[in-house]
Amino acid sequence: MNQATPSQTVRVDLADRSYDIVIGSGLIARAGAEIAAREHGIRCAVVTDRNVAEAHLDALLESLAGAGIDAAPLVLEPGEKTKRFDELIHVCDHVLGAKLERGDAVIALGGGVIGDLTGFAAGIVRRGMKFIQIPTSLLAQVDSSVGGKTGINASQGKNLIGVFHQPNLVLADSDALDTLPIREFRAGYAEMAKYGLIDRPEFFAWLEANWREVFAGGAARIQAIATSCQAKAEVVAADEREHGARALLNLGHTFGHALEAATDYDGRRLVHGEGVAIGMVLAHEFSARMNLASPDDAARVEHHLREVGLPTRMQHIEGGLPATDILMKHIAQDKKVQRGALTFILTRGIGQSFIANDVPQDEVFRFLEDKRAS
Ligand SMILES: NC(=O)c1ccc[n+]([C@@H]2O[C@H](COP(=O)([O-])OP(=O)(O)OC[C@H]3O[C@@H](n4cnc5c(N)ncnc54)[C@H](O)[C@@H]3O)[C@@H](O)[C@H]2O)c1
């Protein structure tokens, strides 16, 4: 462990469902001790994907064994398509086959796909088992492992089937990101920048100044992950089940999910965080078009996301542009639509996002048509 960069702990305050997010260097190797200190005498299943297994599974199993924790590993195929019903059954069968009890734990070792799928299984097997997140992608460390949203995709859209099931512990090992492909690191960075754009303009400015250090690792990376987790923890504590303010976390996501669906969730063309990056630029540009914000803010957002290497325009998507009517169909299917009215997260400037109800569909259509042509 790097002694110069001690771990940080962020508490998610949810009464009897409160939990710690520990962020630091070398946490996978210490996971057994961290878990044993909080959960006495548990056994567990570890669900991961092939990429993560190659890089980190042995270290985790060794650490669990060292702390006297029995672990039954299950390795799935990587990729968004793993978030589907038959893989959910696979995970449930594995957990039951390992004869785990309700008080035992299901551990997700991986990115958001593994976390969402495994959390869903943990939420329904034996009517809810303990759930531990060991996120290994940046996106999972700053976003999907925190807040208890779990689920799988349906043919009608992303994340349409699932449950809220809070983890009991999140261990975010900043060193695990050293094996993450750079494209995935950038995708997670988009979600990090999102917290600045929602309501922390000073964090967005800090990222503009320090993003190279965040990419390099060490203390700046831990600090940026911890700030992001703190931002998410506060939103989740205020609105656990998304009756109100939690929807702000969807900044860029309505456009982003539509782009993902329109590209058939094909990660070679677009990964989730890239869709969010393009979506956040579109949300700022649409806000400017509606005279809510200055076009300079949209330009600033695009400049920064482009600087770190993210796609920022629909034209950057490999394999051609989805037709506007297809995008609109996906937007209308998105779960942020209530009784036919479009709900978008729009902005009055950097760090001034708000929930806009009743956004006219035809304005969005014309905007996307113009963006396709530009
Ligand atoms: N539950 C939530 O609140 C929430 C929030 C945001 C996103 N999500 C979901 O998260 C998913 C996206 O998550 P993601 O971007 O982590 O995708 P992912 O889980 O597919 O991981 C991305 C890729 O990186 C690989 N990988 C992960 N960690 C690695 C490591 N340390 N070393 C080497 N390879 C590694 C994976 O195998 C995969 O190929 C989407 O399904 C999205 O809907 C959920």
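Quick grid of which residues meet (1) more than 15 Å from the ligand (Cβ to nearest atom); (2) surrounded by fewer than 23 Cβ atoms within 10 Å (Cβ to Cβ); (3) of a type in the set (G, A, S):
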| site | (1), (2), (3) |
| --- | --- |
| A65 | yes, yes, yes |
| V75 | no, yes, no |
| E80 | no, yes, no |
| V113 | no, no, no |
| L138 | no, no, no |
| V142 | no, no, no |
| S145 | no, no, yes |
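It is to be established whether one or more residues within the range 195-207 are within 11 Å of the ligand (Cβ to nearest atom), at pLDDT 95 or above, buried (at least 21 other Cβ atoms within 10 Å of the Cβ) and outside any strand (DSSP E or B). No.
Taking residues in the range 29-43 that are under 13 Å from L61 (Cα atoms), and partners anywhere that are open to solvent by 70 Å² or more (accessible area, probe 1.4 Å) and part of a loop (DSSP other than H, G, I, E, B), the pairs with Cβ atoms closer than 7 Å and at least 6 places apart or on different chains are R43/D70. D58 - would you say it is within 14 Å of the ligand (Cβ to nearest atom), exposed (fewer than 15 other Cβ atoms within 10 Å of the Cβ) and either within 23 Å of the chain's Cα centre (by Cα) or modelled with pLDDT of 95 or more (or both)? Taking the combined requirement at face value, the residue satisfies it. The selection criterion, being surrounded by fewer than 20 Cβ atoms within 10 Å (Cβ to Cβ) and either closer than 18 Å to D266 by Cα or within 15 Å of the ligand (Cβ to nearest atom) (or both), does not hold for V170. Look at (1) in contact with a strand residue (DSSP E or B) (Cβ under 9 Å, 6 or more places away or on another chain); (2) within 16 Å of the ligand (Cβ to nearest atom); (3) of a type in the set (A, V, I, L, M, F, W, C) and you find that A226 fails only one, number (2). Here G349 clears all of (1) open to solvent by 10 Å² or more (accessible area, probe 1.4 Å); (2) touching a residue at least 40 places away in the same chain (Cβ under 8 Å) except the condition numbered (1). For F120, the conditions (1) more than 9 Å from the ligand (Cβ to nearest atom); (2) under 29 Å from R268 (Cα atoms); (3) surrounded by fewer than 17 Cβ atoms within 10 Å (Cβ to Cβ); (4) under 17 Å from the mean Cα position of the chain (by Cα) all hold with the exception of (3).
The values are calculated or read from the model by the stated rules, or taken from the named source; none is laboratory data. Since we're looking at a predicted model, the values are computed, not measured. Cβ sites come from the backbone with ideal geometry, for glycine too, and all protein chains shown count toward neighbours. Just so you know, the surface numbers come from the protein's heavy atoms only, side chains and all, with ligands and any DNA or RNA stripped out. Shrake-Rupley method; radii C 1.70, N 1.55, O 1.52, S 1.80 Å.
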